[in-house]
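Undergrad: After the structure tokens below, expect a handful of questions from me.
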Amino acid sequence: MKVCGIELKGNNAIIASLSGDKDDYEIIAVKVKKIGLNDTKVQEDIRSFSKAIVQFFDEMNFDKIGIKARAEKGKFAGGPMSFKMEGLIQNTDYNVEIIHGATIRAKLKGISIDSSAIMKYQEEALNVAVYLLQ
């Protein structure tokens, strides 16, 4: 199985990809670690982000794609840019699951995840990907 975990942070979709199953998986080394959206008011930037996401999904042919949910209100609410990115990702022809952070933490409790092969900023996306394999 091939899965993609995504965390939306600032103006970036941070990505971690895995292949395997819940007991034996490996991180897929890809050049794409994040895809950015420069300006939500510029139609060409929106199209560029959308095209880059679809192209990445097409190239990788994922079985599952998950996005870590962001708070919709309150102190830690996601910004308008991340909501737009989420909508663009969900609007692809791929099935995309939105997963609450507490759900991810509960499912991964007690599971040791080796994140040495990725960048530090990709760890939350990796958690989403590992969750998708469980």
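Undergrad: For Thr103, what accessible surface area do you get with a 1.4 Å probe? Give it in Å², rounded to 10.
TA: 60
Undergrad: What accessible area, in Å² to the nearest ten, does a 1.4 Å probe give for Arg70?
TA: 40
Undergrad: Quick one: length gained pulling Gln43 to Asp21 fully straight, 0.36 nm per residue minus the C-alpha distance? Mind showing how you got there, number by number?
TA: Numbers: separation 22, 0.36 × 22 = 7.92 nm, distance 3.89 nm.
This chain segment gains 4.0 nm when fully extended.
Undergrad: Sticking with this one: Suppose every K and R has +1 on its Cβ and every D and E has -1 on its Cβ; what is the size of the dipole of the chain about the Cα centre, in Debye to the nearest 20? Could the numbers behind the result be given before it?
TA: On the way: 19 positive and 18 negative charges, 116 e Å.
The dipole magnitude comes to about 560 debye.
Undergrad: Can you give me the span-like helices of the chain, meaning DSSP H runs with 24 Å or more of Cα extent along the axis and Kyte-Doolittle mean at or above -1.0? Walk me through the numbers before you get to the answer.
TA: Details: long enough: 43-60 (26 Å, -0.32).
Going by DSSP H runs, the hits are 43-60.
Undergrad: How would Glu123, Glu26 line up by accessible area, probe 1.4 Å, largest first?
TA: Values: Glu123 60, Glu26 120 Å².
If we order Glu123, Glu26 from most to least accessible, we get Glu26, Glu123.
Undergrad: Within segment 1-97, report the chymotrypsin sites (Phe, Trp or Tyr not before Pro) that DSSP leaves as loop and that have at most 16 other Cβ atoms within 10 Å. Mind showing how you got there, number by number?
TA: Details: sites: Tyr25, Phe49, Phe56, Phe57, Phe62, Phe76, Phe83, Tyr94; in loops: Phe62, Phe76, Tyr94.
Those satisfying the criteria are Phe76.
Undergrad: Then there is this: Pairs Lys41/Lys73; Lys51/Lys120; Lys2/Lys75; Lys22/Lys84: which exceed 29 Å Cα-Cα? Spell out each step's value before the answer.
TA: Working: Lys41/Lys73 22 Å; Lys51/Lys120 26 Å; Lys2/Lys75 34 Å; Lys22/Lys84 31 Å.
Violating the 29 Å limit, Cα to Cα: Lys2/Lys75; Lys22/Lys84.
Undergrad: On to the next question. Assuming 0.36 nm per residue, please report the length gained on full extension of the stretch Asn61 to Tyr121 beyond their Cα-Cα distance.
TA: On the way: separation 60, 0.36 × 60 = 21.60 nm, distance 2.36 nm.
Between Asn61 and Tyr121, full extension yields 19.2 nm more.
Undergrad: Grab the DSSP H runs of the chain that are 4 residues or longer, score each as -39,500 (n - 2.57), total them, divide by all residues and round the 222 nm result to the nearest 500 deg cm²/dmol.
TA: Working: 4 runs with 48 residues, N = 134.
Value at 222 nm, helices only, nearest 500: -11000 deg cm²/dmol.
Undergrad: Please figure out what share of the DSSP beta bridges in the chain is antiparallel and state it in percent, rounded to the nearest 5.
TA: Numbers: 15 of 24 bridges.
If I count the DSSP bridges inside the chain, around 60 percent turn out antiparallel.
The values are calculated or read from the model by the stated rules, or taken from the named source; none is laboratory data. Not measured: the values here are computed from a predicted model. When we count neighbours, we look across all protein chains shown, and the Cβ atoms used for this are built from the backbone with ideal geometry, even at glycine. SASA here: full protein model, heavy atoms, side chains in, ligands and nucleic acids out. Shrake-Rupley method; radii C 1.70, N 1.55, O 1.52, S 1.80 Å.
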